[in-house]
Amino acid sequence: MREPWKSFHDFFVSLKLTVVLMALSIVLVFWATLAQVQLGIWAVQEKFFRTFFVLEHIPNTDIPVPVFPGGYFIGGLLLINLVVAHISRFKLTWRKSGIFLTHLGLIVLLLGELFTGLWQEEYQMRLDEGETKNYSESYRFNELAIIETTDPEFDDVVVIPEKLLARGAEVQHPRLPFRVVPRLYYPNAALQLREAGQPANTPVPVNRDIGTRLQTIPLPLTYKLNERNLPTAFIELIGPDGSLGTWQVSPQLLQPQAFTYAGRQWRIALRFERHYKPYALTLLKFSHDRYAGTDIPKNFSSRVRLTTPDGADDREILIFMNNPLRYGGLTFYQAGFDNNDRTTILQIVRNPSWTLPYIACALMSVGLLAQFCISLAGFIDKRVIKTAAKS
Amino acid sequence: MKRHLPLIILALGAVWLLASLRERAPETEFDVNGFGRLPVLVNGRIKPMDTVARSSLLQLQGRQRVATPEGETLAPIEWLLEVQFRPEKADALRTFEIVHPDLLTLFNLTMADGDGKKRFSYLQLEKQIPELERQSRLAQPLDPQARSPFQRAVVQLHANLVLYHQLKHSLMMPGAPDFLGELMRFQAMLPLGIEAVRARQAGEPFDERAFNALIELGQRYDFLSASSHLLPVPPAAGADPTAWKNTGRALLDTLETGAIDAHVLAYAGLGHAWQRNQPEQFNTIIGLYRTELAKTLAPRLKKTDVETRFNSAQPFYTSTILYVLALLLALGSWLKWPDILGRSAFWITALAFIATTAGIATRMWLEGRPPVTNLYSSALFVGWGSVGLCLILEAIYKNAMASAAAGLTGFCCLIIAHNLSLSGDTLEMMRAVLDSNFWLATHVIIITIGYSATFLAGALAMIYVLRGTLTASLDRATADAITRMVYGIICFATLFSLVGTVLGGIWADQSWGRFWGWDPKENGALIIVLWCAIILHARWGGLVKQRGLMNLAIFGNIVTSWSWFGTNMLGVGLHSYGFMDAAFWWLSAFIASQLAIIALGSLPLASWRSFRPAA
């Protein structure tokens, strides 16, 4: 029993393992960088880093095959390697203190990246001048919203994630007096108004509202950072007495489509996935300065007003490049602008483990500096001895 | 005598360096240097005319010198004067570089028609410009990366012609036989014309001739204003200091002020004197105009004066030559007179280092920024950093190894910088996202020093391998010394790359709320850190010995060049099949050369010429 345990132990503490793992991670990072050209930054993170294995499909099939260890696998083994090596090999001496601290920082950094991968969320908020919003929107995911507006006091909203539409899953929700049946779904499509007399080109007939006049042009998925996929779905609503009709929905159709059923008013829309906040932001003014005589942006900034329903917060804030707003565990930073400088685009990030990299940095900086000084001192000592010996 | 050689070489180098600071007297009687120092606002920055001339020429034809058909050489500022004041003469100068054969065919030209087989005049291109514009319209909608080499050449040449057109329209209307006279007539007719316009607006009878004449001139100056990006007219005292105007705009404003702008008149006067070959008049106007400008723009004039001097001193060009000299002296020292030639190499390196330091410092002062703001300045700084490290190493080890490495890296980095400067003015304005002096001064500098160190370790290792395999001159003691140097520099590189990368993460977290985003540049930095860590751990674990360490350090060159340039090319080389950007070929060639040296270094010791047991 002793022997296998020892070889197991030796394997995990060996420097050889460290070197091999680091070499593998270089290959992984390099490969992922190249893959970004085709897949875009989000898909690459899922495929290479937030996974135990990099999967590739066998050509012309849907069968995935692991071809390379993924980020979790390499990172996890590195973590084990680091921790075990520290426990079993390092004796905390003054000479090794720098190295010890550096590696401790590295452990924290690896953990921080793991937690970030698990918990970090990013959204966007587009605000026109004067507009107030109390929600942000995902810039990758969409949702089908069915809103009952019968009561003028409040809306009753049911949202269905895009995933279910893509799968064609039928949804029966207790708050809806009808079933929601996705008939057709394109993950990215352009919509055009159909010319009179031109037949629809899609297999599912739409018989309600604007969709009856639209032509749908399916597009390949885009992975570019500055473009987003705009899906369209054909939704049939079926009540106990039969079909209410089929609607075509898309985030490109800015207005929700209204209808009446069983004496109640409804609206239906496919929209960017929303995340409501317990506070609201109003864009007061967006400014965009350019360098004289050029189109090079010198700075852009948004003056916003932050208000909470309880009135505890009501203040003006200036968000500009390198100066985000941090509020309620979220970071709002100036990401872009649109609409002839009248619309601001704020990026919103939630990262609960944001302190870990800072702790890691502090540990590593101190460690590296200490190690560097210790080595330098040793080197100078040696030179002094050598020179003394020569003379 | 032999003993004093290093000092003599140092003195000669210093004299040569100082001589480059002296302003070269022009060959004409015109005070063209004075004209070159006049300030204009272009691309968001106030710069001297001289810089406009030089960066325009670099963009148009890849060099600053202009050859006339008569075989004479024009200074950049003389060329600019011709373009602005005597375009009919400038049109005949061959300053447009065209190398793509299909583009030459488009203009019905052959290589033989060009100066140096690749430079052509505006007159040679003029007839086919409509066709070029059509081709450019076809290429414009495409992503820059998706364009074919021909389309890239079309778009580039089109941009160059636009630049030339803008320069021609920057100070006066090209083709006007007497622009100064025209302005005088404009001034004289202004009261009548304005009255006619007012009367017409009020529905009263008006002087139709005066009205038409004014409208015609208004349209003419509107066209002039739309045709130029160069803003030579400074704002009035107390106005927004960035509100400079171009000539056409300033003339249009005459309709409101009633008097023609003095700056426009001064330039028209200069043009008048230049066209009629009246140097005294030209020089007098320059003198008067400068005195006038100095009243409101004295601090600006100081900067443009220094920048003009900096342009003509060309400290980076001088340093390039000194680095070659240092490399040769260091190589020579391994064959003969190790002490004397070695010390000479050290002093020449130090001299070149001083020149680059002065150059970088001047750029920093001009820009009011930390040293690294774009790819060009990063190339300068990488070279500067590794040469600085070399000077320290050489002071300790005194075996000319570090001087050789300094010559090599310094020379290569300056050559890279030169090629990066061909795209225009290298003192660009910072885009909003980068506009943070604090992070530019910390993250960017530290990470760039990390590049310097990895390249230096790679250069030392290359010298080790080449000297060891190809010559018998590498002895045990020197080999051990190089190993210690490489190891020390790798430790240094690890420290700086890691700290720089982590600082970058903090900047990202401060600005964007996320520490790490896996974008190509971040990944490149991470790979450098990992590679340095691999080298150190492999060394500590005894996985590699001396030669292994050298090969790993040489591979570090590849890793660093990928992070530095490769990540910027991702959109280029890999996207558009069948075409690689010129820089991509250079990067590939560099990587191939490094792999070849690694292969050489992996030869069994028996095949090395050094380290052979005495037979």
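All of the numbers you see were taken from the coordinates with simple rules; none came from a lab. Only a predicted model underlies this, so the values are computations on that prediction, with no experimental measurement involved. We place every Cβ from the backbone using ideal geometry, glycine too, and count neighbours over all the protein chains shown.
See the values below:
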{"read-out": "Simple label model, 7 Å out from Cα along Cβ direction - residue A:383 to residue B:506, nm", "value": "2.9 nm"}
{"read-out": "Shielding score for B:514-525, defined as the mean number of other chain Cβ atoms within 10 Å", "value": "6"}
{"read-out": "Förster-model FRET efficiency, 60 Å R0, residue B:148 and residue A:264, C-beta, rounded to 0.05", "value": "0.50"}
{"read-out": "Chain lengthening between residue B:21 and residue B:593 when straightened (0.36 nm per residue, less Cα-Cα)", "value": "202.2 nm"}
{"read-out": "Length-normalised contact order for chain B - Cα pairs under 8 Å, 6+ apart - percent", "value": "13 percent"}
{"read-out": "Inter-chain shielding of B:557-563 (mean C-beta neighbours from other protein chains, 10 Å cut-off)", "value": "1"}
{"read-out": "Sorted peptide list for A:365-375, B:602-612, criterion being average Cβ within 10 angstrom, highest first", "value": "A:365-375, B:602-612"}
{"read-out": "Neighbour-limited loop hits for GluC sites (Glu not before Pro), the stretch B:58-152 (at most 12 other Cβ within 10 Å; DSSP other than H, G, I, E, B)", "value": "B:70, B:72"}
{"read-out": "In degrees, nearest ten, helix A:15-44 long axis to first principal axis of chain A (Cα)", "value": "20 degrees"}
{"read-out": "Helix axis angle, B:476-512 relative to chain B longest principal axis, alpha carbon, degrees", "value": "50 degrees"}
{"read-out": "Neighbour-count order for A:29, B:42, fewest beta carbons within 10 angstrom listed first", "value": "A:29, B:42"}
{"read-out": "Burial ranking of peptide ranges A:324-337, B:556-569 (average Cβ count within 10 Å, highest at the top)", "value": "B:556-569, A:324-337"}
{"read-out": "Compactness of the protein assembly as shown as Cα Rg over 2.2 N^0.38 Å, two decimals", "value": "1.12"}
{"read-out": "Within 10 Å of each Cβ in A:27-34, the average number of Cβ atoms from other chains", "value": "5"}
{"read-out": "FRET E, pair residue B:543, residue B:480, Förster distance 30 Å, beta-carbon r, rounded to 0.05", "value": "0.95"}
{"read-out": "Rel. contact order, % - alpha carbon contacts under 8 angstrom, at least six apart, the stretch B:315-434", "value": "34 percent"}
{"read-out": "Under 19 Å from the Cα of residue A:16 - lysines, other chains or at least 8 residues apart", "value": "A:6, B:545"}
{"read-out": "Computed helical MRE - 222 nm, chain B, DSSP H runs ≥ 4 contributing -39500 (n - 2.57), nearest 500", "value": "-22500 deg cm²/dmol"}
{"read-out": "Pairwise centroid distance, computed over Cα atoms, of the stretch B:464-499 with the stretch A:227-287, Å", "value": "66 Å"}
{"read-out": "Per-peptide average of other Cβ atoms within 10 Å, ordering B:408-419, A:291-302, B:583-594 highest first", "value": "B:408-419, A:291-302, B:583-594"}
{"read-out": "Normalised contact order of the stretch B:179-297, rounded percent, pairs of Cα under 8 Å and 6 or more residues apart", "value": "22 percent"}
{"read-out": "Selection from B:277, B:228, B:190 lying farthest towards where the dipole of the stretch B:179-297 points positive, charges on Cβ", "value": "B:277"}
{"read-out": "The stretch B:527-548 and the stretch A:28-64: distance between their alpha carbon centers, rounded to Å", "value": "28 Å"}
{"read-out": "Rough spin-label spacing in nm, given labels placed 7 Å along Cα→Cβ, for residue A:38 and residue B:68", "value": "5.9 nm"}
{"read-out": "Extension reserve of the residue A:373-residue A:7 stretch, reckoned as 0.36 nm per residue once the Cα distance is removed", "value": "128.1 nm"}
{"read-out": "Two-site FRET efficiency, residue B:199 against residue B:256, from Cβ-Cβ distance with R₀ of 25 Å, rounded to 0.05", "value": "0.90"}
{"read-out": "Distant-in-sequence amide H partners of residue A:244 (H built 1.01 Å from N, under 5 Å)", "value": "A:237, A:238, A:239"}
{"read-out": "Folded to 0 to 90 degrees: helix B:76-85 orientation relative to chain B principal axis, Cα", "value": "20 degrees"}
{"read-out": "Residues A:111, B:335 arranged by fewest to most Cβ contacts within 10 Å", "value": "B:335, A:111"}
{"read-out": "Separation of the residue B:207 and residue B:14 label points, Cα + 7 Å toward Cβ, nm", "value": "7.1 nm"}
